[in-house]
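What follows is a single structure, written as structure tokens, with notes after it.
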Amino acid sequence: MQMQTHTSAPEQQHILRARNSVRSSHRDSPSEEERADEEASRTALSSFRMKEEQIERKKIEVREKVFAQLGRVEEESKRLAVIRKELEAMADPTSKQVSDLRKKIDAVNSELKPLGQNCLKKEKEYREALEAFDGKNREKAQLVNKLMELVSESEWQRMRKLEQLSKTIDSLR
């Protein structure tokens, strides 16, 4: 691909003359300095190529190591998948039944909780009713005792009056 540059005619002539002088000087017998420059550039180019080849070899070596490592990783993940399947197969065969029973136990527990609270409430009411009953029973016993005392007293008084009447009747005769 050629780049077009906008240069003036005198500049273009100057560039052409410089190129021609360089070419003509190369056509003439090369000087010792030019040979040394040429040798240095060949050595540099050769060194550059050697380094490029070394880099390319290293790159290929690293790529091979990476692919080998990837192969090992694939093998290990396949082995892990096999081990995972074996572990799943070794799992407790009754685990589903156990989990179903646990769910049922949880359901029964959730039903028992309000029943237990209801029982506690009824027990409290029963204790209160029993205390009230016992209180009324004690009161009844006290009243019965008082009644017995009054009946006894009444009988005694009636007997005394009867005796007095009897004495009075006997004295009248």
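The values are calculated or read from the model by the stated rules, or taken from the named source; none is laboratory data. Predicted model, so just to flag it, every value in this text is computed and none were measured. What goes into the accessible areas is simple: the full protein's heavy atoms, side chains included, and nothing from ligands, DNA or RNA. Shrake-Rupley method; radii C 1.70, N 1.55, O 1.52, S 1.80 Å.
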Gly71 open to solvent by less than 100 Å² (accessible area, probe 1.4 Å) and at pLDDT 95 or above: no
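In the stretch 90-130, what residues are in a helix (DSSP H, G or I) and among the aliphatic types (A, V, I, L, M)?
Step one: filter the stretch 90-130 for residues in a helix (DSSP H, G or I), giving 90, 95-130.
Residues satisfying the conditions are Met90, Val98, Leu101, Ile105, Ala107, Val108, Leu112, Leu115, Leu120, Ala129, Leu130.
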